[in-house]
1. Net charge near Ile119: determine it from the other residues with C-beta under 15 Å of the C-beta of Ile119, scoring Lys and Arg +1 and Asp and Glu -1.
2. Mind ranking Glu77, Glu68 by accessible surface for me, highest first, 1.4 Å probe?
3. Where does the charge balance sit around Ser96 when Lys and Arg score +1, Asp and Glu -1, over other residues with C-beta under 13 Å from its C-beta?
4. Based on alpha-carbon positions alone, could you give the equivalent ellipsoid semi-axes of region 29-126 from the gyration tensor, as √(5λ), descending, whole Å?
5. Could you tally the net charge around Tyr142, taking each other residue with its Cβ under 14 Å from the Cβ of Tyr142, Lys/Arg +1 and Asp/Glu -1?
6. Express in Å², to the nearest 10, the accessible area of Arg56 obtained by rolling a 1.4 Å probe over the protein heavy atoms while all chains stay in place.
7. Find which of Ile119, Phe135, Gly91 sits farthest along the positive direction of the dipole of region 68-141, computed with +1 on the beta-carbon of Lys and Arg, -1 on that of Asp and Glu, about the Cα centre.
8. From the convex hull of the Cα coordinates of region 64-190, what is the mean projected area in square nanometres?
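The values are calculated or read from the model by the stated rules, or taken from the named source; none is laboratory data. Just so it is clear, the structure is predicted and the values come from calculations on it, not from any experiment. Here the Cβ is made from the backbone with ideal geometry for all residues, glycine too, and neighbour counts use every protein chain on show. Accessible surface areas use protein heavy atoms only, side chains included; no ligands, DNA or RNA. Shrake-Rupley method; radii C 1.70, N 1.55, O 1.52, S 1.80 Å.
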Amino acid sequence: MDSINITGAKILFEIPLFGGIPITETQVNSWIVMAVIAALCIFLTRGLKVRATSKRQIVAEWIVETVEKLVRSNMGERFMGFAPFIAAILGLSALSSLSSLFGMYPPTADLNTIAGWSILVFVLITYYKIKSSGFGGYLKGYTKPFALFTPFNILSEIGTPVSMTFRHFGNVVSGTVISALVYAALAAASTALLGWLPGVVGKIPFLQVGIPAVLSIYFDVFSSCMQAFIFAMLTMLYIAGACGDET
């Protein structure tokens, strides 16, 4: 029960198949986040009407219109079919990071989660490059501007999912680490400055009141939403760019 994998997520239990399949906090919390998103979608879209008469429908229409506007402005009209996919990335990323506010282990703090999303985006990028230029044209693209650049172009291609993964993962984890370090430092400072007070009063970490909450607003709320937005933006730009001049 106390086992931990290399990414920091606890292994909660193992399914006794094929030598034991570990089920981690990341997997459980990811399913919880997906269940919450599904529940929100059902709640917001229940009883829709041609003309919005409820706050739920107004919120649902605002979300759809905002995502469609984002996709249209960054990818173009012909990519409007990607709107649900981009909405899913935004929702999963933001809510996964924000789950830390409820004492949960955020799935985005697990490298496996972000790597999975990045690989999926990379597959889409490759698919649209091949669709746009043909398989021969796709391979020829690695030799531009001339054949000597082929190894560098391959590294650049592989670097796309790697950079997307570590950019998102690094920002989430760094925020968690910084918050923990500041919290511990405030406890030590409180003891050093106020520990001389008699009785229980000297043991109360007064400096830990307020400051961690301000840090939480930035790292847990603002940064989480910003990283979700950046990941979605990169996804749209990479996929749209992969299509080149295809019409």
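1. Once positives and negatives cancel, what remains is -1.
2. Result of the area sort, largest leading: Glu77, Glu68.
3. -3
4. 25, 21, 10
5. +2
6. Surface accessible to solvent at Arg56 totals approximately 60 Å².
7. Selected residue: Phe135.
8. 11.5 nm²
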